[in-house]
1. Can you tell me the length gained on complete extension of the stretch SER27 to ALA247, counting 0.36 nm per residue apart and subtracting the Cα distance?
2. How many percent of DSSP beta bridges within the chain run antiparallel, rounded to 5?
3. Using alpha carbon coordinates only, what is the Rg to Rh ratio of region 88-186, with Rh defined as the Kirkwood radius?
4. Mind listing which GluC sites (Glu not before Pro) in region 93-141 are in a DSSP loop and have 14 or fewer other Cβ atoms within 10 Å?
5. Which FRET efficiency value, to the nearest 0.05, do you get for ARG370 and SER321 by plugging their Cβ-Cβ distance into 1/(1 + (r/R0)^6) with R0 = 56 Å?
6. Would you mind pulling out the separation of the Cα centroids of region 238-258 and region 162-208, in Å?
7. Long-range amide H contacts for SER74: which residues qualify at under 5 Å (H placed 1.01 Å from N, peptide plane, sequence gap of 5 or more or a different chain)?
8. Residue-wise, which Karplus ³J(HN,Hα) couplings in Hz belong to region 110-125, taking 6.51 cos²θ - 1.76 cosθ + 1.60, θ = phi - 60°, and x for glycine or proline?
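Read-outs throughout are calculated quantities, based only on the coordinates presented, and are distinct from any laboratory measurement. All values derive from a computational prediction rather than experimental measurement. Positions of Cβ are generated from backbone atoms using ideal geometry, with glycine treated the same way; all protein chains shown enter the neighbour counts.
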Amino acid sequence: MHVEHCDLLIIGGGPAGLVAARDAARSDRTLSIIVLERDDAVGRPVRCGEGVGAAGLSEFLDPGPPNSLAPWISRRIRRVVFRAPNGDEVRVAEGDVGYILDRTRFEPALAAQALYAGADVRTRAEALAMKRDGERWTVAVDASGGRGEIRARIVIGADGVESAVGRWAGLDTRVRARDMESCAQYVVDDATIDADAIVLHFGDRVAPGGYAWVFPKGTRSANVGLGILGLRAGGRSAVAWLDDYVARHFPNASVSSRTVGGVIVSATMAHTVADGLVLCGDAAHMINPLSGGGIVNAMKSGRLAAETTVAALRSGNTSASALESYHARWMRLLGDDHVRFYRVKEALARFDDASFDKLAGTVNRIPEPRRTLRRIFGEALVRHPTLLPVVAKYFA
Ligand SMILES: Cc1cc2nc3c(=O)[nH]c(=O)nc-3n(C[C@H](O)[C@H](O)[C@H](O)COP(=O)(O)OP(=O)(O)OC[C@H]3O[C@@H](n4cnc5c(N)ncnc54)[C@H](O)[C@@H]3O)c2cc1C
C-alpha cells in the first residue's frame, strides 16, 4: 500500500479547506500540505445560493472594480428586498451590498492560489477513515491512483455539512432535527428577475421555518431556492415547496440545474479541536443560524485554522490543548454572535405570518433613506410590543 507523510492534511476542498491551505502554505513554505477533495473538480457541483457580503468576501479575494469584476463573480448586488408573507416588499439597503459568486470558478481561483503558495490540491481523492497513531493521524484515502494512506501531523476537517472527520476524531457532531434545514434550489430563467437585488421571502406558506431566496446570476437568471424546517413542513419536501414557489412567482420561467442540500442552523459545536485535529466551516457548524450563510464564515474559520495549526507545527506541540486557542478565537470572532442569533431564530419561530405582515407595514412607513437596522428595530418595538420577548432573548 502506498504510504505518504505530510505536516498538514486538509480534508475537503470547499472555501474553508482551500483558504486554510492557501494561508498555511503562504505563511510557511517549508510545510508539506495536502488537500483532498472527493469530487472531480473543486467548486462542482454547486449546492449553494452563492450570495456573499462585500466586506467579508474582500478579506479573502479581490472582487475587482465594478466595471471589471473578477470572472468568479456572477453579479454585483446593490439592494436587499425582504418580502413579507402577504407579498409586501421592504427595501432595506442600497449600495454595494454584496455579490453572487460563480462557485464553479470561485473555488478554482482559491485552489490556484493555494497551489501557487505550495499546497498540493488533489481532486477525486476521498478520505475514507482515520485513526490516531501516536502523534499522527493515519488517513485511509481512495484516489484515482488507487487506495493508500497519508500520515499527517495535523488534520483540518473541512468536509462540509456531511462531515465525517469530526466523528472519526471522537467529537460530538450530532445535529438536532430542529436545527437542520432542508434546502432546494433551481436556476431559473425569467424576464421579471431584478438583476441588482436579492429577494428574501418569508412566510409559513412560502417556506415554513426558513425563507425563499432569489439571487440573480445574470440579467434574467437567478438561483431561486428555499430552506424549510422539516418538523414544520407538513410532511412535504423542500422540492415540493420550491415547485409551488416557482409556479406561483415565475409561472413563465424555464428551470435548469436542480439541487438539494442541508444547512445546519445551530450554534458552533461545543468542541472543534482534538489532538492533532481542527474542524472548520460547515463541518464545525459555523453557519450563521439566522441567515443560513456559511461561505464567508467558512473562509474566516479556514484562516484561523491555518494560523493555529502552523503555530502548533512550528512549536512541535500539536495536542488538543495547543490547538484550543482556535476555538476560543472563533467564538470571539463570530461564534458568540451565533449563540445570540440562534436565540433570535428560536424567538422568531414563534412569530406568525400576520405579525411579519404588520412589521413590514411599520418598516415601510420609515422613509427609505432613513431605514437603518437600528431605526427599524426601534420602530418595531414601539409599535409591536410582542417583539419584546425576541429582543429580550437576543440580549439575554
Ligand atoms: C441550497 C443551499 C444554499 C446556500 N446558499 C448560501 C448562500 O447563498 N450564501 C452562503 O454564504 N452560504 C450558503 N449556503 C451554505 C454554504 O454553501 C456553506 O456554508 C459553505 O459551502 C461551507 O463551506 P465549507 O468549505 O465548510 O464546506 P463545503 O463547501 O461543503 O466543502 C466541503 C468539501 O469537502 C468535500 N468532502 C466531503 N467529504 C470528503 C471526504 N471524505 N474526502 C474528501 N473530500 C470530502 C466535499 O466534496 C466538499 O467539496 C447554502 C447551502 C445550501 C445547501
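1. 74.1 nm is the gain from fully extending SER27 to ALA247.
2. Bridges in the chain are about 70 percent antiparallel.
3. Values: Rg = 19.0 Å, Rh = 17.5 Å.
Reported Rg/Rh, Kirkwood definition of Rh: 1.09.
4. For GluC sites (Glu not before Pro) across region 93-141 that sit outside H, G, I, E and B with at most 14 neighbouring Cβ atoms in 10 Å, the list reads GLU135.
5. About 0.65, to the nearest 0.05.
6. Cα centroid of region 238-258 versus Cα centroid of region 162-208: 16 Å apart.
7. HN-HN under 5 Å from SER74: ILE100, LEU101, ASP102.
8. After applying 6.51 cos²θ - 1.76 cosθ + 1.60, I find 5, 5, 4, 5, 5, 4, 4, 6, x, 7, 9, 9, 10, 9, 6, 9 Hz.
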